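Chemist: Submitted below is the structure of interest, expressed as structure tokens.
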Amino acid sequence: MVEYDSDWQDKYRDMIMSPNKALSEVTSGNRVFLGTGCGEPVVLVEALVKKAKKLADVEIVELLTKGSAPYVDRKYADIFKVNSFFIGKNVRDLYQEGRGDYTPILMFDIPALLRSGKLPLDVALIQVSPPDKRGKMSLGVSVDIVKSATENASLVIAQVNSQMPWTRGDSLIDIYDLDILVPADVGLIERDQEETPEITQNIAALVAALVPDGSTIQFGLGSTPGYGRLPLAVAPLLKDKKDLGVHTELISDEIMELMEAGVITGKYKAVDRGKVIGSFCMGSRKLYDYVDDNPVFSFRPTEYVNDANVIGKHNNMIAINMALEVDLTGQINSDSEGGNFYSGIGGQVDFNRGAARSSGGRPIIMLPSVNTSGQSRIVARLSPGSGVVISRGTVHYVVTEYGSAYLHGKSVQDRTLALISIAHPEHRAQLLKEAVEAKYIREEFADVEGKFVVASQSYMKTKHLLKDGTEINFRPIHPTDEPRVRDLLYDLSQETIYYRFMSHLERFGQRQIQNFVYIDHRQDVAIVGILPEAYGDEIIAVGRYYLDEKTNRAEVAFVIRDEWQNKGLGSFVFKHLVNIAKANGITGFTAEVLRNNNRMQAIFNHSGLNVTSAIEEGVYSFIMDF
């Protein structure tokens with residue numbers, strides 16, 4: 001337990017000033033740094049603004065503040081100029097009006113920028129806890145770049161707040177490294193949890209499915225207009241996970257709740273095992289009390305938390321961040337919208353790089369398929385003025401409410417098709433047309449217009465457990481499955497090919513493969529049996545039926561990869577297709593089977609359906625009524 005020095009105000013009386021007197025040390029032309037987030041020293045900020053009439057050309061430098069930002073008022077336009085590394089809600093109007101300066105930079109690089117003298121700080125206004133008996137003070141809920149600013153500013157004025165939590169880790173500074181102390185007893189800024197829109201919950205559920213037990217996670221702090229804080233929306237959906245670790249910038253109430261639920265243990269972290277690593281904290285008073293002198297938490301400066309080399313040391317590092325827009329080649333824009341700066345680069349690139357280096361790591365970008373006006377956030381080309389935050393060469397997972405697209409190492413054509421498949425259905429045809437025009441995909445893809453559908457019906461998804469314990473997932477086929485279907489077909493033995501296609505095919509044409517994956521999932525249905533892999537799903541089975549609307553019967557066919565045959569998969573695929581067809585009101589199935597294909601015949605004859613068959617020229621014709 002921390003033993004505060006109860007006599008600190010007497011002991012350091014020569015350093016103590018009132019807010020107004022302390023801020024009299026700020027002069028015109030100064031560059032003034034403000035403490036981050038909910039650690040903003042609001043008493044000092046108010047005193048600075050009160051002194052505005054005596055100042056001119058003061059540059060305020062901030063990472064992200066959560067206070068009311070009175071200095072952005074138009075009446076102070078000639079006095080205060082704001083330069084942000086990340087644009088928060090409280091100053092966004094300033095930037096939309098063209099009155100603010102935004103410095104795009106990776107979070108990891110900011111401390112080095114301050115140390116280098118390229119952005120010299122005249123004054124740092126920070127907030128700290130009272131000193132302990134050793135004369136050490138904690139930066140509390142805001143360590144991040146505040147520690148570097150404190151170490152490099154010419155004058156440091158500290159709001160010493162008795163309500164500031166004492167956080168453990170590399171968060172301490174010596175009282176003699178400060179110049180002026182301003183005692184305060186005020187509540188910290190709190191950040192309320194927001195209600196999560198349904199679409200955001202749907203996206204979050206898909207992201208949560210990509211988080212394995214024992215992984216280490218990072219939640220980005222960004223939000224999307226109309227959809228809330230996307231990354232943090234994932235946290236409540238992780239409560240069925242086990243032994244997660246945390247290495248992130250932002251410590252929030254959502255992380256506290258996962259800890260209280262026993263989900264976060266840090267048991268398998270490669271570094272800082274058992275510790276929750278963060279650099280700043282924004283949330284409720286309950287959260288601030290929770291982190292206070294809590295040995296599980298280790299608050300570290302940005303140069304450690306955002307170091308991609310440190311991040312990459314974790315196994316299964318999952319970085320969850322958001323985007324405002326993504327183009328069909330995979331370029332991610334997350335700092336601007338409609339040509340206007342909206343937020344900032346933040347730590348997104350740092351964690352994307354780190355997770356990519358991690359063994360089993362997954363850098364994930366999440367975004368809604370459309371904005372609040374119904375315009376697609378997946379576009380052929382980024383909007384004019386939009387900035388590329390994550391390049392097409394380093395993007396991995398992109399997730400919308402319509403699915404997950406894995407892009408890393410994929411060709412422009414494959415990633416284009418993957419992104420169209422998770423775009424809003426109303427925009428897919430136009431995106432397909434624009435992709436052809438942009439030469440991202442071949443001209444023959446124009447023929448699949450109207451069939452570019454990703455089925456989302458829950459009844460088409462299921463699982464099957466083999467006798468050896470292997471779990472096979474079944475889902476509707478996706479347009480992005482084209483390369484995997486091609487791999488499956490070329491891996492089949494000649495016997496399997498002959499039984500399935502009634503011909504000794506040695507090659508499959510592009511259009512033939514397209515016919516497998518580009519279907520409407522209404523008259524035609526196709527499902528795949530998959531084994532999830534880090535690089536994407538491995539397809540081991542494909543089942544399909546084709547509806548004849550005149551008879552309301554569908555022709556059924558399926559194929560199993562050779563090494564997975566004789567394990568009961570064929571019977572399961574057939575039964576699953578029967579259930580789907582019944583749900584769609586189909587009367588029955590038909591099938592054509594070669595005389596020598598005894599296993600397929602057995603599946604049909606032992607299906608429990610009303611089966612009739614006739615043979616002609618070595619081919620059985622089956623009719624199976626439901």
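Chemist: Report those helices (runs of 4 or more DSSP H) wholly inside segment 338-443 carrying at least 2 residues which are in contact with a Leu (Cβ under 8 Å, 6 or more places away or on another chain) and acidic (Asp, Glu).
Modeler: none
For every residue, the table says whether it meets (1) at pLDDT 95 or above; (2) aliphatic (A, V, I, L, M).
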| site | (1), (2) |
| --- | --- |
| PRO111 | yes, no |
| VAL128 | yes, yes |
| ILE157 | yes, yes |
| MET164 | yes, yes |
| GLU198 | no, no |
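Chemist: Continuing with this model, one more query. Just to verify a result, which residue in segment 29-58, among those that are in contact with a Phe, Trp or Tyr (Cβ under 6 Å, 6 or more places away or on another chain) and part of a strand (DSSP E or B), is nearest to PRO120 (Cα to Cα)?
Modeler: By that ranking, first place goes to VAL58.
Chemist: If I filter segment 333-343 for residues that are farther than 12 Å from MET107 by Cβ and within 12 Å of the chain's Cα centre (by Cα), do I get at least one hit?
Modeler: yes
Chemist: Something else about it: Would you confirm whether any residue within segment 395-408 is surrounded by 15 or more Cβ atoms within 10 Å (Cβ to Cβ), more than 19 Å from the chain's Cα centre (by Cα) and farther than 12 Å from LEU328 by Cα?
Modeler: no
Chemist: How many residues, within segment 266-286, are touching a Leu at 6+ places or on another chain (Cβ under 8 Å) and surrounded by fewer than 18 Cβ atoms within 10 Å (Cβ to Cβ)?
Modeler: Going through segment 266-286 one residue at a time, the tally reaches 1.
Chemist: Any idea which of ILE513, ILE530 is modelled with pLDDT of 80 or more and under 28 Å from HIS408 (Cα atoms)? So that I can check it myself, show each step before the final result.
Modeler: Details: ILE513 fails: modelled with pLDDT of 80 or more.
The conditions single out ILE530.
Chemist: Can ASP144 be described as surrounded by 19 or more Cβ atoms within 10 Å (Cβ to Cβ), of a type outside the set (A, V, I, L, M) and closer than 24 Å to PRO70 by Cα?
Modeler: So ASP144 fits the description; yes.
Chemist: A further question on this structure: Take the residues in segment 143-178 that are touching a strand residue (DSSP E or B) at 6+ places or on another chain (Cβ under 6 Å) and among the small types (Gly, Ala, Ser), then tell me which one is nearest to GLN9 (Cα to Cα).
Modeler: This residue is ALA158.
Chemist: Regarding ASN315, is this residue part of a loop (DSSP other than H, G, I, E, B), in contact (Cβ under 8 Å) with a residue 60 or more places away in the chain and under 17 Å from ARG362 (Cα atoms)?
Modeler: yes
Chemist: Also, I was wondering about something else. Restricting attention to segment 77-96, does a residue exist that is over 40 Å from the mean Cα position of the chain (by Cα), in a helix (DSSP H, G or I) and not assigned by TED's automatic domain parsing to the domain that holds GLY346? Let's see the steps before the verdict.
Modeler: Here is the first cut: in segment 77-96, the residues over 40 Å from the mean Cα position of the chain (by Cα) are none.
Looking through segment 77-96, none of the residues is over 40 Å from the mean Cα position of the chain (by Cα), in a helix (DSSP H, G or I) and not assigned by TED's automatic domain parsing to the domain that holds GLY346.
Chemist: Could you figure out which of (1) in contact with a strand residue (DSSP E or B) (Cβ under 8 Å, 6 or more places away or on another chain); (2) in a helix (DSSP H, G or I) isn't true of LEU125?
Modeler: For LEU125, the exception is condition (2).
Chemist: For segment 223-236, state whether one or more residues are touching a Lys or Arg at 6+ places or on another chain (Cβ under 8 Å), surrounded by fewer than 23 Cβ atoms within 10 Å (Cβ to Cβ) and within 26 Å of GLY361 (Cβ to Cβ).
Modeler: Checking segment 223-236: at least one residue is touching a Lys or Arg at 6+ places or on another chain (Cβ under 8 Å), surrounded by fewer than 23 Cβ atoms within 10 Å (Cβ to Cβ) and within 26 Å of GLY361 (Cβ to Cβ).
Chemist: So the check is Cβ under 6 Å with 6+ separation or different chains; which pairs have a first residue in segment 57-82 that's closer than 19 Å to GLN96 by Cβ and a second one that's assigned to a strand (DSSP E or B) and of a type in the set (Phe, Trp, Tyr)?
Modeler: Listed by first residue and then by second, the contacts come to ILE60/PHE80; TYR71/PHE80.
Chemist: How many of the residues in segment 260-309 are polar (S, T, N, Q), in contact (Cβ under 8 Å) with a residue 60 or more places away in the chain and in contact with an Asp or Glu (Cβ under 8 Å, 6 or more places away or on another chain)?
Modeler: Here the count works out to 5.
Chemist: Residues being at pLDDT 90 or above and either closer than 13 Å to ARG475 by Cβ or not hydrophobic (A, V, I, L, M, F, W, C) (or both): count how many of those fall in segment 533-571. First the steps, then the outcome.
Modeler: Initially, segment 533-571 is screened for residues at pLDDT 90 or above, giving 539-545, 554-571.
Now drop any that are not either closer than 13 Å to ARG475 by Cβ or not hydrophobic (A, V, I, L, M, F, W, C) (or both), which leaves 539-545, 555, 561-563, 565-568, 570-571.
The total comes to 17.
Chemist: On to the next question. Look through segment 553-598, keep the residues that are among the aromatic types (Phe, Trp, Tyr) and out of contact with any helix residue (DSSP H, G or I) (no Cβ under 8 Å at 6 or more places or on another chain), and return whichever of them is nearest to PHE626 (Cα to Cα).
Modeler: Our first condition is that a residue be among the aromatic types (Phe, Trp, Tyr); within segment 553-598, this holds for 558, 564, 572, 574, 589.
When the remaining residues are screened for being out of contact with any helix residue (DSSP H, G or I) (no Cβ under 8 Å at 6 or more places or on another chain), the result is 564, 572.
Working: TRP564: 28, PHE572: 16 Å.
Applying the filter and picking the extreme gives PHE572.
Chemist: Scan GLY67, GLY88, GLY98 and give me the residue that is over 28 Å from VAL310 (Cα atoms), surrounded by fewer than 22 Cβ atoms within 10 Å (Cβ to Cβ) and out of contact with any helix residue (DSSP H, G or I) (no Cβ under 9 Å at 6 or more places or on another chain).
Modeler: From the options GLY67, GLY88, GLY98, the qualifying one is GLY98.
Chemist: For segment 468-509, give me each residue that is under 19 Å from ARG599 (Cα atoms) and either in contact with a Cys (Cβ under 6 Å, 6 or more places away or on another chain) or in contact (Cβ under 8 Å) with a residue 24 or more places away in the chain (or both).
Modeler: If the condition is that a residue be under 19 Å from ARG599 (Cα atoms) and either in contact with a Cys (Cβ under 6 Å, 6 or more places away or on another chain) or in contact (Cβ under 8 Å) with a residue 24 or more places away in the chain (or both), then LEU492, SER493, THR496, TYR498, TYR499, ARG500, MET502 are the ones that fit.
Chemist: State yes or no: is VAL26 part of a loop (DSSP other than H, G, I, E, B), crowded, with 17+ Cβ neighbours inside 10 Å and not assigned by TED's automatic domain parsing to the domain that holds GLY278? Break it down stepwise before answering.
Modeler: Numbers: part of a loop (DSSP other than H, G, I, E, B): yes; crowded, with 17+ Cβ neighbours inside 10 Å: yes; not assigned by TED's automatic domain parsing to the domain that holds GLY278: yes.
So VAL26 passes the test.
The values are calculated or read from the model by the stated rules, or taken from the named source; none is laboratory data. Model, not experiment: these values are computed from the prediction. Don't worry about glycine lacking a Cβ; one is built from the backbone with ideal geometry, like all the others, and counts go over all protein chains shown.
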